[in-house]
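Worksheet: one structure, shown below.
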Amino acid sequence: MWTRQQENLHFFIFVSFYLILSSIAAGQIKLVGPGSDPCSGRIEVYHNNIWGTVCDDDWDSKDADVVCRQLNCGTSLGSLISGEFGEGTRQIWLDNVQCTGEESSLTSCQHDDFGSHNCGHHEDVGVICSESLPMPSISMNPAGEVTWGQDVRIVCLTTAELLGGAFILKKTSGSFREAQVSSSNSATFSLLKVNFDHDGSYQCQYEKNISGQTFTSPLSNSITLLVSASLQRPVFSLTYPDSGLVWGPKSAEVTMGSSFSFSCSTDSDYPQGFFSLIFSGSNMTETTPAVNNSATFNFPAAEFKHQGNYSCVYEVTLSTRRFTSDQAEHIFVLIKLSLLLRVFSIAKESCCYSCWSCY
């Protein structure tokens, strides 16, 4: 049987334990809300067996530092007001919090009485600690496949109002890395006149330096930049002294022995291109470098072997990759005899029929 002294001792232990638990519970805080994690989110305080929020009146970085230290989450990277992590639904416990920055818990700081406030839940305060930078998002304009030489902009964005940090743009492979210090929650990276070296996947990251330490966010999701070259169909024409200028798709009669030439041109902006003349009557393909986006193919003396369909294509090599345009519209070249040769041929044929022999 317990003595009165033993009963008093157990009662004292029970009360002390209860008071200790109550004190611990009363000082508890947590970070919650959409997109939150153990070290970033809307601040909620446990009091009277109820979780409640903290109003942003008089809130500053010293208050946020106390919260981060209490949660073993390092130092504060920024305070979020106006319900950035969503709004609470229950009691607003604290208002006009004024910490010195040295307190061990938020409830140890100076504040109005629990539940005394003039706030709404749209003023619920949140915090982001150095142990938990939010993962940024990444977007690209234009998205997907872009044309060689086009300008591309990549935007890195974080949901938190973090000032004084830097956004890092990286390729998932290779050594490409660009940094941009930003005074807002986003940064825009401009890739001017992209080429095939820009092909690949990109990710964003956010970095912030505090007291000589660099804190880094998780890498964003990746986006893929695919660079392609779209070559215009060339304009094709034939110049012949007797017929002037002939455009495809048409036929041109060229007198045997006369000169004629083809011209192939394009509005392409790609440098160091080549034009190839294609003759469907043989395997002949003549190639010449583009000069001012055009090329001329000359035939000093027409022969029967030159008769047939002609066309041209434009080719360009960009970062070791070769691109070829669609073929230009065809021009058919018909080789004819000169008037003198035709008279001679007719006379010869007449002689053959009347004399049964020819010369």
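The values are calculated or read from the model by the stated rules, or taken from the named source; none is laboratory data. Everything numeric in this text was worked out from a predicted model, so none of it was measured. Counting neighbours? That spans all protein chains shown, and the Cβs are built from the backbone with ideal geometry, glycine included. These accessible areas exclude ligands, DNA and RNA; they are computed on the full protein's heavy atoms, side chains included. Shrake-Rupley method; radii C 1.70, N 1.55, O 1.52, S 1.80 Å.
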Can you tell me the FRET efficiency between ASP269 and ALA166 if r is taken as the Cβ-Cβ distance and R0 is 51 Å, rounded to the nearest 0.05?
0.90
Span from the the stretch 89-123 Cα centroid across to the the stretch 312-331 one, whole angstrom
71 Å
May I ask you to rank PHE304, PHE176 by accessible area, largest first, using a 1.4 Å probe over the protein chains only?
PHE304, PHE176
Note: probe point = Cα of GLN150 + 7 Å toward Cβ; backbone nitrogen < 19 Å; residues of the stretch 223-256 passing the test are 223-233
Based on the Cβ-Cβ distance from GLU253 to PHE176, what FRET efficiency comes out when R0 is 56 Å, to the nearest 0.05?
0.45
With each label point set 7 Å from Cα along the Cα-Cβ vector, what nm distance links ASP37 and ASN209?
2.4 nm
Hydrodynamic radius by Kirkwood, which averages 1/r over all alpha carbon pairs of the stretch 113-165, in angstrom:
15.4 Å
What does the charge count near LYS193 come to, summing +1 for each Lys or Arg and -1 for each Asp or Glu among other residues with Cβ under 15 Å from its Cβ?
-3
Going residue by residue through the stretch 116-124, the Karplus relation 6.51 cos²θ - 1.76 cosθ + 1.60 with θ = phi - 60° gives ³J(HN,Hα) values, rounded to whole Hz and with x marking Gly or Pro, of 8, 6, 10, 10, x, 5, 5, 9, 4
Would you tally the net charge around VAL246, using a Cβ to Cβ cut-off of less than 12 Å, leaving VAL246 out, and scoring K and R as +1, D and E as -1?
-2
Efficiency of FRET from Cβ geometry, SER137 and SER61, R₀ 25 Å, rounded to 0.05:
0.50
